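Structure first, commentary second.
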Amino acid sequence: MLMNLGHAFQIAKYRCSPLAIARNHAGSMLDLDILARAGAMRGAARAPARTTRNRSGRATIKLHGIAEGGHPGLYSLLGMGFSTTAIEREISLALMDDSVDEVVLSLNTPGGSVEGIPELVNAIRAASRAKVLTAMVEYQACSAGFWVASACDRIIMSPSAEVGSIGVYMAHEDVSGAMAKAGVKNTYISAGRYKVEGRSDAPLAPDAQAFMQSNVDKVCAMFVQAVALGRGVTRAEVEKNYGQGRSMGATAAKKAGMVDAIAADVGAVPYTKDLLNKSIAALSCRI
């Protein structure tokens, strides 16, 4: 697969940015060989359909694969992910459609980049003032995926789904030993005390690690606060009972209060009284 500079930059970005993705999926996210092999899918997956509408007044928007911040990137082009900007646009279109009473976010994602997630969450909260927003987890809403789901009015998950993985991390890859064995040594000419900190051809310095940790802590606090707000609980409850970085199955997640219902289909779960009133109010505004 031919990779342009934008794609190369995007992959490099994931290597040095905070990630909100289930840990067991991070390797594939950073594996260039996997992306190269997936290049054969490129032509067919360039413009996947994301939104479908049915006669019951429900618009379903797919958030499947790796989450990408901003405009569609490599994963979206390969049909392996979605961009936060594209999802915001689909939500806006659904809001303008008078035939739509409920917007369903169909989630099957391990998460991904933190970039764009807070903005998407804000867009979902704004949209929920006009219409019912439902997260349907089929079959994964982990890390950034759960961050997004928590902004919806309700979360429904299929019996075999998993949710959670609430946390953020960064990774530093020290390849200095391998480079030394290969007889390779880099020399950096830089300005700015911290300009080349965290480079992979040297061990991670304590102050660089402390700085990375502070970034991770800051983003994780934002994540936890958003989940607490969306689920109507305290931050302490999220930190204690929502898996502590682990993913949870349907029964455990329902017991912990992470989701509202377990069902294989959105239509199988009736509205609560509050959501029914909200739906009626939204409908009356359009009549």
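Laboratory data are not the source of any read-out in this text; all were calculated from the coordinates shown. Everything quoted here is computed from the prediction, not taken from an experiment. Heads up, the Cβs are rebuilt from the backbone with ideal geometry, glycines too, and the neighbour counts pull from every protein chain shown.
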Seminar exercise, completed: Long-range alpha-carbon pairs in the range 157-287, meaning those over 24 Å apart, account in percent for 57 percent
Exercise. Which of Ala178, Pro203, Ala191 sits closest to the plus end of the dipole of the range 167-221, meaning its Cα is farthest towards the positive end, when Lys and Arg get +1 and Asp and Glu get -1 on the C-beta?
Worked result: Ala191
Exercise. Any idea how far the Cα center of the range 197-217 sits from the one of the range 86-148, in Å?
Worked result: 33 Å
For this session: Select from Cys142, Ser128, Gly112 the residue farthest towards the positive end of the dipole of the range 47-178; place +1 on Cβ of Lys and Arg, -1 on Cβ of Asp and Glu, and compute about the Cα centre.
Result: Ser128
Problem set entry | Qualifying lysines (Cα of each under 17 Å from Cα of Lys240; at least 8 residues distant if same chain) | Lys254, Lys255
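Quick check on packing: order 123-135, 254-266 by the mean number of other C-beta atoms within 10 Å, highest mean leading.
Details: 123-135: 20.1, 254-266: 17.3.
Going by the mean number of other Cβ atoms within 10 Å, highest first, we get 123-135, 254-266.
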Seminar exercise, completed: For Lys185, the lysines lying under 30 Å Cα to Cα, once residues fewer than eight places off in the same chain are dropped, come out as Lys13, Lys195
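Taking the Cα centre of the range 63-210 as origin, work out the dipole magnitude from +1 charges on Lys and Arg Cβ and -1 charges on Asp and Glu Cβ, in debye rounded to 20.
Computed charge dipole of the range 63-210: roughly 540 debye.
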Problem set entry | Equivalent ellipsoid, the range 102-229 (semi-axes from 5 times Cα gyration tensor eigenvalues, Å) | 39, 17, 11
Exercise. Dividing the alpha-carbon Rg of the range 229-287 by 2.2 N^0.38 Å yields what?
Worked result: 1.47
Exercise. What are the semi-axes of the equivalent ellipsoid of the range 95-167, taken as the square roots of 5 times the eigenvalues of the Cα gyration tensor, listed largest first and rounded to whole Å?
Worked result: 21, 15, 8
Exercise. When N is the residue count of the range 171-246, what does its C-alpha Rg come to as a fraction of 2.2 N^0.38 Å?
Worked result: 1.63
Exercise. Straight-line reach from Lys278: which aspartates and glutamates have Cα under 12 Å away, leaving out those fewer than 8 places along the same chain?
Worked result: Asp101, Glu102, Asp153
